[in-house]
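The structure appears below as structure tokens.
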Amino acid sequence: MPQIGEEMICGVGKLGGLYAGFVINRQGLVGDPEAPRAPAPGGILYRGGIAKISAFSRACNDDGIPLIWLQDISGFDIGKEAEAHGLLAFGSSLIYTNSTNTTPMFTVLLRKASGAGYYAMSGLPYDPVVQLSTCLSRLSVMEGRTLAIATYNTKLDDDFQIVTTDAAERAQIEAGMREVEGRIEGDMDPFVAARQMDTDEIIELGELRGYLRALVERSYQTAGYRRVKNPRIWSLHDLRELTGGLR
């Protein structure tokens, strides 16, 4: 469904000759869902993309196809327009889908994995079989600068600048914000995340295909795993037909 949710890419591929579903988020500029001719930042989830990957996740689960989530995500769209269009409901649907899937799911943190976007794309709390991190990954519920602003919000104006004119108080606030930001930035290190058991394995990018191939093979071999349906009756084919996708 390339015409829906440009920030998200999903499709079925093969690893070691076996089917697997892939969900990937894009960086760079994408079409703004509120103004199609205007650019919007990628790396976050908009309602169209959320709806698309929710449907894709359910279809892969129905068809017994293992799912691989590749993350470079900063979070969800925010603002009055997002709230007016019920983004929270779309996000809840995606989280419910991933929480109730029975097909094996695997998560890869390629670079950034922040906020609710990390959870929605099958982050570790939502019980993927394995979560892999690269040496470049940065895992956090909130970025260091963002948390520092939230912590000292009452001391800042609408542009996140310190309000007070008292030199001593200003220095104290600045030092506190630096401490919060530095602590969180340190915790985002993938090796710290692994030490705290917030990720299962750190791998080099060149090893990724081999890891995923082995995981997909084990998905099909595990006891009690459902066989893939006859491809002529795949739920994925229903999605393609309903959305006017490529034949």
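The values are calculated or read from the model by the stated rules, or taken from the named source; none is laboratory data. This one's a predicted model, so the numbers in the text were calculated from it and none came from an experiment. Here Cβ is always computed from backbone atoms with ideal geometry, including for glycine, and neighbour counts include all displayed protein chains.
A few remarks follow.
- From 84, 20, 38, residue being at pLDDT 80 or above and either crowded, with 20+ Cβ neighbours inside 10 Å or in the same structural domain as residue 118 (by TED's automatic domain parsing) (or both): 20
- Any chance residue 53 is under 16 Å from residue 106 (Cα atoms) and at pLDDT below 90: yes
- The residue of the range 10-29 that is farthest from residue 106 (Cα to Cα), among those that are in contact with a Gly (Cβ under 9 Å, 6 or more places away or on another chain) and assigned to a loop (DSSP other than H, G, I, E, B), is 28.
- Failed item in (1) part of a helix (DSSP H, G or I); (2) surrounded by fewer than 20 Cβ atoms within 10 Å (Cβ to Cβ); (3) out of contact with any helix residue (DSSP H, G or I) (no Cβ under 7 Å at 6 or more places or on another chain), with residue 51 passing the rest: (3)
- Test result for residue 157, at pLDDT 85 or above and either outside the structural domain of residue 131 (by TED's automatic domain parsing) or over 30 Å from residue 129 (Cβ atoms) (or both): yes
- Screening the range 56-81 for residues that are under 23 Å from residue 140 (Cβ atoms) and of a type in the set (D, E, K, R) and picking the one that is modelled with the lowest pLDDT gives 77.
- Just one of (1) surrounded by 13 or more Cβ atoms within 10 Å (Cβ to Cβ); (2) among the β-branched types (Val, Ile, Thr); (3) outside the structural domain of residue 61 (by TED's automatic domain parsing) fails for residue 129. It is (3).
- The residue that is modelled with the lowest pLDDT, counting only those in the range 104-113 that are of a type outside the set (D, E, K, R) and buried (at least 21 other Cβ atoms within 10 Å of the Cβ), is 113.
- Selection status of residue 110, hydrophobic (A, V, I, L, M, F, W, C), under 15 Å from the mean Cα position of the chain (by Cα) and within 14 Å of residue 198 (Cβ to Cβ): no
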